Amino acid sequence: MRYLSTRGDSAATRPGFGDILLAGLAPDGGLYLPERYPRVDASILAGWRRLLTENGPDANGYAALAASVISEFVGDIPLADLTNLCEKAYGRAAFPDPQVVPVTELSGGIWISHLSGGPTAAFKDLAMQLLGQLFEYQLARTGTELNILGATSGDTGSAAEYAMLGREGVRVFMLTPAGRMTPFQQAQMFSLDDPAIVNIAVDGVFDDCQDLVKAVNADASFKQRYHLGAVNSINWARLVAQVVYYVASWIRATSADDQRVSFTVPTGNFGNICAGHIAREMGVPIDTLVLATNENNVLDEFFRTGSYRVRSAAETHATSSPSMDISKASNFERFIFDLLGRDGDRVRHLFGELLPTQGYFDLSDTAEFAGLRERYGFVSSSSTHADRVSTIGEVWARDGVLIDPHTADAVKVAAEFVQPGVPMIVTETALPVKFAETIVEAIGSEPAPDPRFAGIENLPRHVIDLPNDAEALKALIAQRVDH
């Protein structure tokens, strides 16, 4: 399996999985995708079901499934090594529930895929725990070090830091939008006291943080000198790890290998639902992919109208589902590449020329957009604060399940697209304990405390304030690495 850039490249220079594992963006500013998506047939799907469900009580069926799914995309890591890495990533130390990703059936044809059983209580752990293992493995093979530069709107940062903490040859520089995360989310990151973990609060919104990451990565000599890598969902390895829980959720919600399901995914950066798109392209029986946004509805606007218009920081709302307060979706470029027949020249024009200069592009009059839903299964809708609060209360009263605000956005939207006989699976974002203020508003009491996080908001904070300036960020990285 070889990889190419969404902005076009020479077939002679296409790298393998190990080559792009630590890289993040492609040299031309595009995102990596495999030359082709592997296609799975009925026998492979049946085999995956057996791997997940027929292992003994002490075996890790999820790890076995992960190794099998990911091996479809990896040609340069021996299967035995990959299996060992997955067993470490998805062991009981990180994921106490032996199912790793259990599902719960709610009322009205909706299911919840519980993705938040990891060490930071967010779905990001499912990819980050494996990424930590993969990074350490690859660095040992190559004898190099890695300085991870990332941006977070809420949960990516803590999941990355907990996954990379203590790993040989790895530092983490994580950008956060100052004052834009919940107190719990801030505490999870800022309470870590380790010289290899550098938390940076940027004067701006998440999109500003993401732009800084891209700007620093665009300096090729700086990137090479300081061995910069990525853990945001621009990193292909993180995306492919997320494909696994779509497969697992489909298996747990069905009894037959040809039974179709749909997914509703709360998203801001298009990474999570992009993994669902890849699973569908592989041949996993996914009927509809429902994209749910909050008030920052840039992606919903595109799927309804064909116009993709990024918003400024001033236009980006601060909401009660803050991990989705994003107005410039990095992973969206991967889907547009597929939508436009993998035409790198057109993608480069849209994302490298039109967006930076005029701030939008419009595909509404194209044949590709006209056939989007039928070909790729995408639909979308949005949710508001009032919807979140109402949905949390209703699900708690009706089903006895407490959900976080982002998951509530998805449950609200999912109800618009339920089809008889087709399980509608909502991908959970995080545990409610991270969003106590909104939970109190919804049900009148705080979520049950998690003993793992007792007193976390009272711990000392370790964070550096930084202006929205790429040169200031580079100076900080250089000072910390060269020290």
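How do W111, W396 rank when sorted from fewest to most other Cβ atoms within 10 Å of their own Cβ?
Details: W111 21, W396 18.
Ordered from fewest to most neighbouring Cβ atoms within 10 Å, W111, W396 come out as W396, W111.
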Sorted by chain and then number, the residues having a modelled amide H within less than 5 Å of the amide H of I148, at least 5 places away or on another chain, are R171, V172, F173, G229
Gyration tensor over alpha-carbon atoms, the stretch 377-483, equivalent ellipsoid semi-axes in Å: 37, 22, 12
Principal axis lengths of the stretch 207-304 from Cα atoms, whole Å, largest first? 52, 30, 17
Which whole-Hz couplings ³J(HN,Hα) result when phi for each residue of the stretch 408-425 is put into the Karplus expression 6.51 cos²θ - 1.76 cosθ + 1.60, θ = phi - 60°, listed in order with x for Gly and Pro? 5, 3, 5, 4, 4, 6, 4, 4, 6, 10, 5, 10, x, x, 10, x, 9, 9
Sort F417, F95 so the one with the fewest other Cβ atoms within 10 Å of its own Cβ comes first. F417, F95
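Go through the stretch 256-319 and name the GluC sites (Glu not before Pro) that are in a DSSP coil and have 13 or fewer other Cβ atoms within 10 Å of their Cβ. It would help to have the intermediate numbers written out before the result.
Values: sites: E281, E295, E301, E315; in loops: E295, E315.
The qualifying sites are E315.
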So how do 428-437, 185-194, 473-482 stack up, highest first, on mean other-Cβ count within 10 Å? 428-437, 185-194, 473-482
The percentage of Cα-Cα pairs in the stretch 249-323 separated by more than 22 Å is 34 percent
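For the stretch 301-389, what is the convex hull volume of the alpha-carbon atoms per residue, in Å³? It would help to have the intermediate numbers written out before the result.
Values: hull volume 9.6 nm³, N = 89.
Dividing the Cα hull volume of the stretch 301-389 by its residue count gives 108 Å³.
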Points 7 angstrom from Cα along the Cβ direction at R452 and L476: gap in nanometres? 2.7 nm
Give, in nm to one decimal, the length gained when the segment between A370 and A256 is fully stretched (0.36 nm per residue of separation minus the Cα-Cα distance). 37.8 nm
Given Cβ charges of +1 for Lys and Arg and -1 for Asp and Glu, the option among T156, S249, A430 whose Cα lies farthest towards the positive end of the dipole of the chain is S249
Approximate shape of the stretch 144-271 as ellipsoid semi-axes (Cα gyration tensor, √5λ), whole Å, largest first: 30, 18, 15
Residues of the stretch 222-240 with amide N under 13 Å of the 7 Å Cα→Cβ point at E145: 225-228
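Please sort 405-415, 236-246 by packing, taking for each peptide the average over its residues of neighbouring beta carbons within 10 angstrom, highest first.
Working: 405-415: 29.0, 236-246: 24.9.
Averaged packing, sorted descending, gives the order 405-415, 236-246.
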Antiparallel DSSP bridges in the chain: what percent, to the nearest 5? 25 percent
Pop out the ³J(HN,Hα) list for the stretch 367-380 in order, Karplus 6.51 cos²θ - 1.76 cosθ + 1.60 with θ = phi - 60°, rounded to Hz; leave Gly and Pro as x. 5, 4, 5, 4, x, 4, 5, 5, 7, 10, x, 7, 9, 7
Sequence order, the stretch 206-211: Karplus ³J(HN,Hα) from phi using 6.51 cos²θ - 1.76 cosθ + 1.60, θ = phi - 60°, Hz rounded, Gly and Pro as x, gives 4, 4, 5, 4, 5, 5
Quick check: Cα centre of the stretch 251-275 to Cα centre of the stretch 332-372, how many Å? 24 Å
Can you give me the convex hull volume of the Cα atoms of the stretch 321-453, divided per residue and expressed in Å³? 163 Å³
Enumerate the amide H contacts of I425 below 5 Å, restricted to partners 5 or more residues apart or on another chain; note that Pro and chain-start residues carry no placed amide H. W111, S262, F263, T264
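Starting from the eigenvalues of the Cα gyration tensor, five times each then square-rooted, give me the equivalent ellipsoid semi-axes of the stretch 1-102, largest first, whole Å. Provide the component values of the computation, followed by the final result.
Numbers: eigenvalues 186, 50, 25 Å².
Equivalent ellipsoid of the stretch 1-102: 31, 16, 11 Å, largest first.
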Solvent-free Debye scattering, log10 I(q)/I(0), computed from the Cα coordinates of the chain at q = 0.06 Å⁻¹: -0.23
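Every number in this text was worked out from the coordinates using simple rules, so none of it is lab data. As the structure is a computational prediction, the values presented were derived from the model and not from experiment. Here Cβ is always computed from backbone atoms with ideal geometry, including for glycine, and neighbour counts include all displayed protein chains.
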